[in-house]
1. Under 1.5 on a/c is rounded, so check that first for region B:123-167, then, if it is not, pick prolate when a/b is larger than b/c and oblate when it is not; a ≥ b ≥ c are the square roots of the alpha carbon gyration tensor eigenvalues.
2. Which whole number gives the average count of other chain Cβ atoms within 10 Å of the Cβ atoms across peptide B:156-168?
3. Would you give the gap between the C-alpha center of region B:80-151 and the C-alpha center of region A:168-187, rounded to a whole Å?
4. What is the order of A:Ile99, B:Ile62, fewest Cβ neighbours within 10 Å to most?
5. Through the Karplus equation 6.51 cos²θ - 1.76 cosθ + 1.60, θ set to phi - 60°, convert the phi angles of region A:42-56 into ³J(HN,Hα) values in whole Hz; use x for Gly and Pro.
6. List the pair-distance distribution P(r) of region A:197-317, using every Cα-Cα distance, as the percent of pairs falling in each 10 Å bin from 0 up to the bin containing the longest distance, rounded to whole percents.
7. For region B:68-131, with equal point scatterers placed on the C-alpha atoms only and solvent neglected, what are the log10 I(q)/I(0) values from the Debye formula at q = 0.13, 0.15, 0.16, 0.22 1/Å, to two decimals?
8. For Cα pairs less than 8 Å apart in space and 6+ apart in sequence, what is the mean separation divided by the residue count of region A:249-386, i.e. the relative contact order in percent?
Amino acid sequence: MTASPRPGPGEGAPPAYRGPTAGVEDEPHGDPVPPPHRGPARLRPRWLVAGVVAVVVTALAGLALGPVRLAPAGVAAELLNLMPGVHLDSGLTERETAIVTQLRLPRVVLGLLVGAMLALSGGCYQGVFRNPLADPYLLGAAAGAGLGATVAIALRGGAGGDATASLPTTVPIAAFLGALTAVALTYGLGAAGGRDRTPATLILAGVAVTSFLTAGQTYLLQRNVQTIREVYSWILGRLATDGWHDVLMLLPYAVATAAVVLLHGRRLDVLAVGDEEAAGLGVHPQRSRLLLVVVASLGTAAAVAVSGLIAFVGIIVPHTVRLLAGASYRVVLPLSMLFGAAFLTLCDLAARTAVAPAEIPIGVVTAFFGAPFFILVLRTTRRVPV
Amino acid sequence: MTAALSIVDLHVALGGAPVLRGVDLEVAAGEWVTVIGPNGAGKSTLVRAVGGVLPHTGSIAILGTPAARLRRRERARLVAAVMQSPVIPGGMAVLDYVLLGRTPYIPPLGRESATDVAVVREVLDRLQLTRFAGRELATLSGGERQRVFLARALAQGAPLLLLDEPTSALDIGHQQDVLELVDGLRRSDGLTVLATMHDLSLAGEYADRLVLLAEGRVAATGPPRQVLTEELLARYYRARVRVVDGGQGPLVVPVRPVGPA
């Protein structure tokens, strides 16, 4: 659709109607009003720059720090060398270069993608459900992924095979399908009430589906106690990778989700006034909600499949952005992606260096920072309800 | 001349219970019609059905076009509504809130043009809201908020304005301010107004015509003097009132029944 034949506000009105804007359409720039206090909400360049800087700095830190400590400048030069036609002297040995490009780079890129997806989906869910407590797992994605992963691990264990070696993709695919099935189930049940369904109906359906699937997972776990350790390590989240496989699995979903959700920033601002008002403004709240839930859930399911259940990123990042940079979803969504990517990369760095050579599950790190932050959010939203 | 709004045999059921049972109503262009009636009579339901947010049977025509044939965006350019106690989105500034009124003119995934911003600045100026443009909506008083809701509806540039209890949350001075403002806009812009109100004296002072709704049907319609009578109000509201003649219309005064001494 093009914007050119944009009709004036008075179009279709009886001749007597001049509209509140008579004359404005003819001379949009002839406004003699003194400069306004501020323009419409939009993403300010300094915030965009801050987000990009955060991503670059945390990525470089993630590549430079670890059991082998490297010079960030050398790492940066080595990264630029990956681009065709660039030949810089990084000062790194061949072994160090391999550590950067083959071991750490896939993990850092995965962390960036997972963090961006979880934070973006969380921000999107908060808008779609007009609920500050919404996170990407609200509609049962976590419980579904957990059950799917548990089933896959338990079946493998039962067959007597070596769990990690046999089929490296079974658990991610089972988690992915589990997450999507759970969200579909929630949406189907929540929407069964017909056109009276509200965000609250869907959230409650999500609670029910989560309980149901978690019960199934717990039962399965009790019957297969030998798998508990592996299942728990999956549930607490990890970004361990072998090469680029996980990144390539997540990438198409991440791109599609980011494109669709970012395009709907203004639409989410419209939905913030309530379904009935939004309908009066000419949009279809339930249609928009369904589309956004589908794409955000796809992104979440793909992230969960490769990283396990990483808590709190989807809540704390969008709220931080909202508090600092503005509440419009045209600001919250892109900045959530950038800062979510940076935050998770930082958490992963802490997870693998704090007690090296052992690793702390990354879900523990994010929740450790997340829980205190959550108190702060609650105190702030009491003043300005979202 | 085509009626701004033409409703024929409108039925609405909410949760299976019939709320409107065959309402006919015609509102001429430029007219102000206020719907009155006891609690549960279906006033808000009628306005919401015209706003296009309730399933109904029977026909609603807006400026001669059957509403069923209008796409939602087209309808939003013809009908703007200020509903009862709208949601106040947290963290949203007045300017951004009023800009949402331009949604029917903005491509589905597009953004506001300079024209949209200019329209909104003009509306803010007319409603003396310019100094609030950067303030968060949540920090405004009730009277200021009601003006902002009205500004959002005006930014829609629709010739038919729906007001559901526009004054119920306001003190008596702000009630008069808002209604005078609406009446001024109606006269200057040729707006058609369909409102619901509980305060019968105010309703009578500002409307060209009143529609008394009772149990989902039109019980009486006509100029305020014909509808605001002691007899009709006693029958449909079960209220003891005295109706005295005011300068701008009948004034309805509640009278306490004489009880045991």
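1. Note, shape of region B:123-167 comes out oblate.
2. The per-residue average across the peptide is 3.
3. 42 Å
4. A:Ile99, B:Ile62
5. Karplus values, whole Hz, x for Gly and Pro: 7, 6, 6, x, 5, 6, 4, 4, 4, x, 5, 4, 4, 5, 5.
6. That works out to 11, 30, 33, 19, 7, 1, in percent per bin.
7. The Cα Debye sum returns log10 ratios of -0.42, -0.56, -0.64, -1.13.
8. 25 percent
A short reminder: the numbers here are calculations on the coordinates, not readings from a lab. The structure presented is a predicted model; accordingly, all values stated were derived computationally and were not measured. Because the Cβ atoms are built from the backbone with ideal geometry, glycine has one as well, and the counts that use them run over all protein chains shown.
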